[in-house]
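What follows is one structure encoded as structure tokens, with my remarks underneath.
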Amino acid sequence: MSHFPYGVAAWLFLVGLYGIVTSRNLVHLVISLAVLQSSTYILLLGVGYRTGAVAPIFATIPPSTPAVDPVVQALVLTDIVVEVTVVALILALVVQVHKRHGTIDPDELRKLRD
Amino acid sequence: MRKSTSARRRSHDRGAASCGLSLVAIAALVVVRTRDPVAQSVTVSFYGVLLAVLFVLFQAPDVALSQIVVCAVALPLMILLALAKIKKQREHEP
Amino acid sequence: MNRKTRLALFAAGAAVLAGVFAIAFAGLPPLGNYRGPYGQMVNALVVPERNVTDAVTAVNFDIRGFDTLGEEFILFISVMGAALLLRRQSDESDREHADHADDREVAAPSDAMRAAGMLLTAPTLLFGIYIVLHGQLTPGGGFQGGVILASGALLVYLVGEFGNFRAAVPRAVVHAMEAIGAGVYPAVGLATLAAGGAFLQNILPLGARGSILSGGTIPIINAGVALEVCGGITLVMIVYLEETLEQKEE
């Protein structure tokens, strides 16, 4: 349990990478990329967690209550929203690739290049 | 007595967090093994909600809110829009 | 290189990577033994020094405000890139007119979806505005609220047709929203620079703890980021939908 989140983060990274390597469809590849990105969120939040601490929102609790680290949460929060627009950009690239070559299968595209 | 209550709560927190982590690990494998992109958009949005539950267990409500609105609304939207555009381009081809 | 070779190569590389991960993560402190002093210092100082109660939003827009400026511009550039990639090419406009002949059956939204969408649009927009305004008090902020507002616009499209969506959010308005939102952040920074402080230093009066206008420059930057995120995601939707469903409204 003590290093379980880090293990799950490594597992998610490898699973996402496996999805990218064995993908037969560029859109499936992009979604595996999103899974790969989520591994970093779990790693960061696992680093900032304190046992027995609460969320860093001091609206109803006194400011001296032990709380988890807010800096890693700020990093992950902006990262999640920026990720979706970057996925939109990559999907726009996929649409253009399909317009030019007529296929979104990475193996076929590789054959076209040769 | 107080010591045992907080120790029990701590073990409950740990149990819930490890349960959440195992579910997320299994869900990631399911997302990657789904080959059809349309089905995958549903799977990835469910994976996002599972991640948001895990973030709440890690005491991060801001991040969980962000993850829910992005992964359950915006990400499937982008995927389906791209797929619709690709399908329309296929209909144009001679 | 066929699939089997690629898979074997990947398995070997993944095994090495897993070993490296195991060595690296064994050195991290076990879960719950958070050691860093920076987070504890931020938690202790946020309420007395900035008068806000949400430490994460204060870190995002004030204490690490410069990083969020960079992230906001990553978002802006990605949206611009997607819009540029999907712009109408000169050869496509002829083809668009040619395909009006074929009869593409597009199902109208069902009554249940229409009813649910119409009931949900106004509360979604209201909820989005609430999340943005209370960003520095409770969990929320510009980023989350902006996406919720964009999903309100998406509901308008789902309930009606693309023509309704275009009438509700004209493209010029979306462009203006995104540009103004992206410009507010560096404008605040330059204004504080001109007023004698550092770039993005919080020099406005801090207000009463718990009120919407507390936190100095934080509510202003919050609103700017919400405008930008909402405008960005709506623009991506418009750009994707414009060519795909152009024929529906003709």
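The values are calculated or read from the model by the stated rules, or taken from the named source; none is laboratory data. In this text, all values refer to a predicted model and were calculated from it rather than measured experimentally. Virtual Cβ from ideal backbone geometry, glycine too; neighbours counted across all protein chains shown.
Any residue in the stretch C:212-225 that is touching a residue at least 24 places away in the same chain (Cβ under 8 Å), crowded, with 16+ Cβ neighbours inside 10 Å and closer than 24 Å to A:VAL87 by Cβ?
Yes, because at least one residue in the stretch C:212-225 is touching a residue at least 24 places away in the same chain (Cβ under 8 Å), crowded, with 16+ Cβ neighbours inside 10 Å and closer than 24 Å to A:VAL87 by Cβ.
What is the one condition in (1) within 26 Å of C:GLY152 (Cα to Cα); (2) more than 16 Å from the chain's Cα centre (by Cα) that B:ARG9 does not satisfy?
So B:ARG9 meets the others, but not (1).
How many residues are in contact (Cβ under 8 Å) with a residue 60 or more places away in the chain and either on the phi > 0 side of the Ramachandran plot or in a loop (DSSP other than H, G, I, E, B) (or both) when one looks only at the stretch C:151-178?
Looking only at that region, the number is 2.
I'd like to verify a number: residues in the stretch C:208-250 that are of a type in the set (D, E, K, R), at pLDDT below 80 and part of a helix (DSSP H, G or I), how many?
Adding up the residues that qualify gives 5.
How many residues are over 22 Å from A:ALA9 (Cβ atoms), part of a helix (DSSP H, G or I) and either hydrophobic (A, V, I, L, M, F, W, C) or at the interface with chain A (Cβ under 7 Å from one of its Cβ atoms) (or both) if we restrict to the stretch B:24-46?
The qualifying residues number 4.
Hey, could you check the stretch A:82-114 for residues that are part of a loop (DSSP other than H, G, I, E, B) and more than 11 Å from chain B (Cβ to nearest Cβ) and say which is nearest to C:VAL225 (Cα to Cα)?
This residue is A:ASP105.
Identify the single condition in (1) facing chain C (nearest Cβ under 9 Å); (2) in a helix (DSSP H, G or I); (3) out of contact with any Ser or Thr (no Cβ under 6 Å at 6 or more places or on another chain) that A:GLY52 does not satisfy, given that it satisfies every other one.
Of (1) facing chain C (nearest Cβ under 9 Å); (2) in a helix (DSSP H, G or I); (3) out of contact with any Ser or Thr (no Cβ under 6 Å at 6 or more places or on another chain), only one is false for A:GLY52: (2).
Identify, please: which residue in the stretch C:1-28 is under 28 Å from A:ALA53 (Cβ atoms) and surrounded by 13 or more Cβ atoms within 10 Å (Cβ to Cβ) and is, among those, farthest from the other protein chains (Cβ to nearest Cβ)?
C:ALA22
Quick one: in the stretch C:1-56, of everything that is part of a loop (DSSP other than H, G, I, E, B) and touching a residue at least 40 places away in the same chain (Cβ under 8 Å), which residue is farthest from the chain's Cα centre (by Cα)?
Looking at residues that are part of a loop (DSSP other than H, G, I, E, B) and touching a residue at least 40 places away in the same chain (Cβ under 8 Å), I get C:ASN51.
Name the one entry in A:VAL87, A:VAL27, A:VAL47 that is in contact with an Asp or Glu (Cβ under 8 Å, 6 or more places away or on another chain) and either β-branched (Val, Ile, Thr) or closer than 30 Å to C:VAL16 by Cβ (or both).
None of the other options fit; the residue is A:VAL47.
Which of the residues belonging to the stretch C:18-46 are under 13 Å from A:ASP69 (Cα atoms) and β-branched (Val, Ile, Thr)?
Within the stretch C:18-46, C:VAL42, C:VAL46 meet the criteria.
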